[in-house]
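Here's the structure, in structure tokens; my notes come after.
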Amino acid sequence: MPVLAPNLDAAHPLEIAAADYEIVRRAVEYVNLRFRDQPEVEEIARASGVHPRALTDLFRRWCGLTPKDFLQAVTIDAARRVLSESDNVLDAAYELGLSGPGRLHDLFVVHESMSPGEWKTGGAGLVVRYGFHASQFGSALAMVTPRGLCGLAFADEGEEDKALADMRRRWPNALYIEDPVATAPYAARIFDQQTWHPEDPLRIVFIGTDFEVQVWETLMRIPLGKATTYSSIAQRVERPRAARAIGAAVGKNPMSFVVPCHRVLGKNGDLTGYHWGLTRKRAILGWEAGQLCKEWGGA
């Protein structure tokens, strides 16, 4: 029998958003299985374990859209339309001068890279502090060095250890210290849109090969509400025949959401590949669609 969503009136906004995401995740997973049947809100709510009115209220709170609008935003047709409208989006970004360490990004990011030598050591001598924090897309693992954020991953409930182990394999020789107090300001800066200001840039540091860093920098030029393809990125980094290598580099992106690899689609708009799961990729794209609607005064 459907139940009302839990009462979270006294909780922090990001804790509420994280709790909402668990229901959003169930809704997205259900619709992925039943999309050909075009299920109604009542059916989606029943599968998600909440009352239909509670589901609508939850989606409006979480992303600013109704469940129907959200689900329409993450269909393959919507993805193809966004991809079509985003034609040459990377060329446009370069023409506007959106490059270099001072580039403005949705989150207003300033970035630098560690030297190839530092990467080759597997992070030897590097101190990485980490902590798990609530976010709109579930539990987020933030990892920081003295030079800035170096990693951001997501974990479903009960899979935090798995997410941490996955990230540690990227820099196996670093020293890892659990320190959520040190990482909390970064998480708040990333997931609280009220903090997205150019005068307070988010500092990040890339740890990867020269080629990987080049791909990750290119990903940062994909604006909110736009998308690109692996082949377009290959053209931009002057490796037109390297779409597979591009895909591997995108998959190794260590900073989910901050470096928006979720905005890379298959050439036909397919929502293919995402290190933190296709359900989360759909959720992030739908959430971003809601933010655009808010900007336009819609939803």
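The values are calculated or read from the model by the stated rules, or taken from the named source; none is laboratory data. Worth saying up front: this structure is predicted, and the values here are computed from it rather than measured. Don't worry about glycine lacking a Cβ; one is built from the backbone with ideal geometry, like all the others, and counts go over all protein chains shown. In case anyone asks, the SASA skips ligands and DNA or RNA and just uses the protein heavy atoms, side chains included. Shrake-Rupley method; radii C 1.70, N 1.55, O 1.52, S 1.80 Å.
So H12 ticks every box in (1) modelled with pLDDT of 85 or more; (2) under 25 Å from the mean Cα position of the chain (by Cα) but one. Which box is left unticked?
(1)
Does V41 satisfy the condition of being within 20 Å of A289 (Cβ to Cβ), touching a helix residue (DSSP H, G or I) at 6+ places or on another chain (Cβ under 8 Å) and either open to solvent by 80 Å² or more (accessible area, probe 1.4 Å) or not polar (S, T, N, Q) (or both)?
Against the criterion (within 20 Å of A289 (Cβ to Cβ), touching a helix residue (DSSP H, G or I) at 6+ places or on another chain (Cβ under 8 Å) and either open to solvent by 80 Å² or more (accessible area, probe 1.4 Å) or not polar (S, T, N, Q) (or both)), V41 qualifies.
Could you grab the pairs with beta carbons closer than 6 Å, sequence gap of 6+ or different chains, first residue in region 261-280 and aromatic (F, W, Y), second one in a helix (DSSP H, G or I)?
Hits for this filter: Y274/K281.
Name every residue in region 35-61 that is more than 24 Å from the chain's Cα centre (by Cα), over 12 Å from L71 (Cα atoms) and not acidic (D, E), in order of residue number.
R36, A45, R46, A47, G49, V50, H51, P52, R53, A54, listed by residue number.
Give region 234-259 a look and list any residue that's over 25 Å from C293 (Cβ atoms), modelled with pLDDT of 90 or more and either of a type in the set (K, R) or touching a strand residue (DSSP E or B) at 6+ places or on another chain (Cβ under 7 Å) (or both), or say none.
V250, K252, P254, M255
Please go through region 179-204 and pick out each residue that is under 25 Å from M114 (Cβ atoms) and out of contact with any strand residue (DSSP E or B) (no Cβ under 6 Å at 6 or more places or on another chain).
Hits for region 179-204 are V181, A184, P185, A188, I190, P198, D200.
Would you point out the residue of region 233-247, among those that are open to solvent by less than 50 Å² (accessible area, probe 1.4 Å) and part of a helix (DSSP H, G or I), that is nearest to N88 (Cα to Cα)?
That would be I233.
Can you tell me how many residues in region 189-203 are closer than 17 Å to V110 by Cβ and within 16 Å of the chain's Cα centre (by Cα)?
4
Go through region 125-159 and give me each residue that's in a strand (DSSP E or B) and at positive phi.
G138, G148
A quick yes/no check of all residues on (1) of a type in the set (D, E, K, R); (2) within 19 Å of A163 (Cα to Cα); (3) under 14 Å from the mean Cα position of the chain (by Cα):
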| residue | (1), (2), (3) |
| --- | --- |
| V205 | no, no, no |
| T229 | no, no, no |
| A234 | no, no, no |
| E238 | yes, no, no |
| K267 | yes, no, no |
| K281 | yes, yes, yes |
| Q291 | no, no, yes |
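Kindly indicate whether I177 is more than 19 Å from the chain's Cα centre (by Cα) and under 25 Å from G131 (Cα atoms).
Spelling it out, I177 is indeed more than 19 Å from the chain's Cα centre (by Cα) and under 25 Å from G131 (Cα atoms).
So, in region 260-272, of the ones that are in contact with a strand residue (DSSP E or B) (Cβ under 8 Å, 6 or more places away or on another chain) and more than 21 Å from F70 (Cβ to Cβ), which residue ends up surrounded by the fewest Cβ atoms within 10 Å (Cβ to Cβ)?
Here the answer is K267.
Being in contact with a strand residue (DSSP E or B) (Cβ under 8 Å, 6 or more places away or on another chain), at pLDDT 70 or above and either at positive phi or charged (D, E, K, R) (or both) is the filter here; which residues of region 86-124 pass it?
Residues satisfying the conditions are F108, E112.
Residue by residue, here is whether (1) open to solvent by 40 Å² or more (accessible area, probe 1.4 Å); (2) assigned to a loop (DSSP other than H, G, I, E, B); (3) closer than 22 Å to L126 by Cα holds:
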| residue | (1), (2), (3) |
| --- | --- |
| D161 | yes, no, yes |
| N173 | yes, yes, yes |
| Y176 | no, no, yes |
| Q194 | yes, no, no |
| P198 | yes, yes, no |
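List every residue pair whose Cβ atoms lie under 7 Å apart, where the two residues are 6 or more positions apart in sequence or sit on different chains, the first residue falls within region 60-75 and is over 12 Å from E288 (Cα atoms), and the second residue, located anywhere, is modelled with pLDDT under 90 and in a loop (DSSP other than H, G, I, E, B).
These pairs meet every condition: D69/A299.
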